[in-house]
1. Could you check the spin-label model distance between C70 and C101? Points 7 Å from the Cα along Cα→Cβ, value in nm.
2. Mind listing the long-range amide H neighbours of L68? Cut-off is under 5 Å, sequence gap 5 or more, other chains count too, H placed in the peptide plane at 1.01 Å from N.
3. Keeping all protein chains in place and using 1.4 angstrom, which order do D57, D72 fall into by accessible surface area, from largest down?
4. Find how much the distance from K113 to Q140 grows on full extension, using 0.36 nm per residue of separation minus their present alpha carbon separation; answer in nm with one decimal.
Amino acid sequence: MRTTGYTTVRGRRRLSAAILLAVASVVATAGCSSQSSGATLTAHTAGSPEVIDCPFDQPAARPDKLILACADLGAVVQGITWTSWGPDGAEGDGLEHDNTCDPNCATGNYITKQVHVVLSGLVQPGNVFTQATTVDGAGQQLVRPMTKR
């Protein structure tokens, strides 16, 4: 049987496609069955949830302070005592210092009030809370976003 140039090229293309498919299959299954892949996933989800108040801070579990206004540090909760901390949320009580921005934020006065803090919105990967809600004694509730990884 005589092979023409066309048949040889077509056969090579089929062989190349088959090789590429086999290589892709090996790469895909190797990533799925690798123990290091599983370790990487569990490293992001294992352990206690964390919170990152501002991009310039490190993630922390049960921090004693949360900055709620990163740009000017105009809202900070300090001395937080956490009553619960887990993947379903975190709750605690602390003292919030808020800049009144009166007459302006640069020369504003600060008010201090007791607040209840609730962290929620745990995201994966990252294992971090993405939302902080504060409620003061008068029932005023403020919801603020937190930094993601």
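1. If labels sit at C70 and C101, their model points lie 1.8 nm apart.
2. Answer set, sorted by chain and number: A75, V76, V77.
3. Details: D57 50, D72 80 Å².
Per-residue accessible area, sorted high to low, gives D72, D57.
4. Numbers: separation 27, 0.36 × 27 = 9.72 nm, distance 1.12 nm.
Length gained between K113 and Q140: 8.6 nm.
The values are calculated or read from the model by the stated rules, or taken from the named source; none is laboratory data. Computed from a prediction, not measured in an experiment: that's the story for all the values here. Cβ sites come from the backbone with ideal geometry, for glycine too, and all protein chains shown count toward neighbours. Heads up: the accessible areas ignore ligands, DNA and RNA and are worked out on the full protein's heavy atoms, side chains in. Shrake-Rupley method; radii C 1.70, N 1.55, O 1.52, S 1.80 Å.
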